[in-house]
Amino acid sequence: MTQQANSTRGGPLSGVRVLDMTSVIMGPYATQILAELGAEVIKLESPDGDNMRHVGPMNNPGMGHIFLHTNAGKRSIVLDLKHERGREAALRLAERCDVLISNVRPRAMARLGLDYEALRERHPQLIHVSCCGFDQDGPDAARPAYDDLIQGATGLPWLMQQYGAPEPTYVPTTISDRVTGLHAVYAVTAALYARSRTGEGQAVVVPMFEAMSQFILGDHMAGSTFDPPLGTPGYARLLTPHRKPYATEDGWLCVLIYNDKHWRSFFAAIGESDGLGADPRFATHGARAAHIDAVYAEVARIMRTRSTAAWRALLDAADVPNMPMNSPADLLSNPQLRTTGFLRDAVHPTEGPMHVMAHPTRWSRTPPERESAPAPRLGEHTVALLREAGYSQAAVDELLASGACAAGPSEATLDP
């Protein structure tokens, strides 16, 4: 931890200071997790702000819903990095931080003088994390990358079509951004641990394409694992079109009859121990995998014979795994999420009443704080952070007048 860190936040990363030069989802998702774990996160934004500020719905301009859910617990400073004095202010901030994390393309960071080699001279203990599209040693190093592009490049639309979609389609969540963001979180924490042993900082590159390739190939390399191949790519159980919530008499239910015990219990519960329970296709894990389409299709047929409530009672009694099919709206009132405090109601100082999420993990000795500070307005903390970095008020005023930085409106000027 940097000696200047003066955070009073709780959590395992209390005292760690992060300069967050990320935007959109991948980087902000990672840095919000770091903030939830106790790090002090300084969000450095351009005068236009993070793009996700402008994606609605929203109550006030610049405070879009996704931005609110990926930037809580941070402080916002606006610096124009194209302005020499703005870059110098960014360097002064970096010198006071343990970690600099960005998803600016590495070559652009180098042009700004904010790459690892330049910063190492000023701050050899700095951990410099670059979240980028592709590993920088490959031919695609300079290509732009977004979630949709990485989904396509790593085969998700192909898999969706194999699964039964009429044409290739993306997964309707920013899965590439969020998977890569989680890689960035452990990269930061592991680098902090390494520095605690060696006293030295380092550069870490977290590429989306490689991260998602690992994610996809872990399931779907399948027979292509071997040379020569022992079959085609694709994990059959995940790709059968019958792997989906089952229709019941009056709704839908998610059921996974997985191991041999589950299947014996299921057949006993529905009176099929001597019927389907004796069918060799259902007898072992290997046999079920070899006939997965037929197995899941038969379960689908059976599930239509009872109501959702009747199935839940029967399956719970038989200890067969099942869950309701929820919508995002259902989750907002889910008893598990509400009782554990993962979901709670809060009032943002400018955006009004909101549903907010807590960090999902539990710690016995260094628990993260369950209630993060609200997501900041653009430039809300510019003046305070510059003063903390050693600028006098007169110097801050000069920076503001020059356009090298910008400060947001005071909280009192906005109505909830």
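The values are calculated or read from the model by the stated rules, or taken from the named source; none is laboratory data. Predicted model only: the values in this text are computed from it and were never measured. Cβ placement follows ideal geometry from the backbone for every residue including glycine, while neighbour counts extend to all protein chains displayed.
Below, the figures for the structure above:
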item: Helices (runs of 4 or more DSSP H) contained in region 238-357 and holding at least 1 residues more than 30 Å from Ile66 (Cα to Cα), of a type outside the set (A, V, I, L, M, F, W, C) and not assigned by TED's automatic domain parsing to the domain that holds Asn60; result: 260-269, 285-290, 292-303, 308-317
item: 1 or more residues of a type in the set (S, T, N, Q) and over 25 Å from the mean Cα position of the chain (by Cα): qualifying helices (runs of 4 or more DSSP H) within region 102-209; result: 156-163, 175-198
item: Which listed residue is surrounded by fewer than 15 Cβ atoms within 10 Å (Cβ to Cβ) and within 37 Å of the chain's Cα centre (by Cα), from Ala278, Ala290, Ala318; result: Ala290
item: Yes/no for Leu100 being touching a His at 6+ places or on another chain (Cβ under 8 Å) and surrounded by 18 or more Cβ atoms within 10 Å (Cβ to Cβ); result: yes
item: Residue selected from region 202-223 under the condition closer than 27 Å to Gln136 by Cβ and touching a Pro at 6+ places or on another chain (Cβ under 8 Å), by the criterion surrounded by the fewest Cβ atoms within 10 Å (Cβ to Cβ); result: Met221
item: Residue identified as loosely packed, with under 13 Cβ neighbours inside 10 Å and more than 20 Å from Glu40 (Cα to Cα) among Thr350, Thr366, Thr339, Thr361; result: Thr339
item: Test for Glu40: is it touching a residue at least 12 places away in the same chain (Cβ under 8 Å), closer than 18 Å to Met357 by Cβ and charged (D, E, K, R); result: no
item: Within region 372-402, tally of residues that are in contact with a Lys or Arg (Cβ under 9 Å, 6 or more places away or on another chain) and exposed (fewer than 13 other Cβ atoms within 10 Å of the Cβ); result: 2
item: First in region 66-85 and farther than 28 Å from Glu398 by Cβ, second anywhere and of a type in the set (Lys, Arg) and part of a helix (DSSP H, G or I), Cβ under 6 Å, 6 or more apart; result: Phe67/Arg53
item: Any hit, region 361-376, residues being in contact with a strand residue (DSSP E or B) (Cβ under 9 Å, 6 or more places away or on another chain), closer than 25 Å to Asp48 by Cα, assigned to a helix (DSSP H, G or I) and in the same structural domain as His83 (by TED's automatic domain parsing); result: no
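Here's the yes/no breakdown for (1) surrounded by fewer than 20 Cβ atoms within 10 Å (Cβ to Cβ); (2) of a type in the set (Lys, Arg):
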residue	(1), (2)
Arg9	no, yes
Pro28	no, no
Leu44	no, no
Asn51	yes, no
Pro57	yes, no
Pro61	yes, no
Lys74	no, yes
Lys82	yes, yes
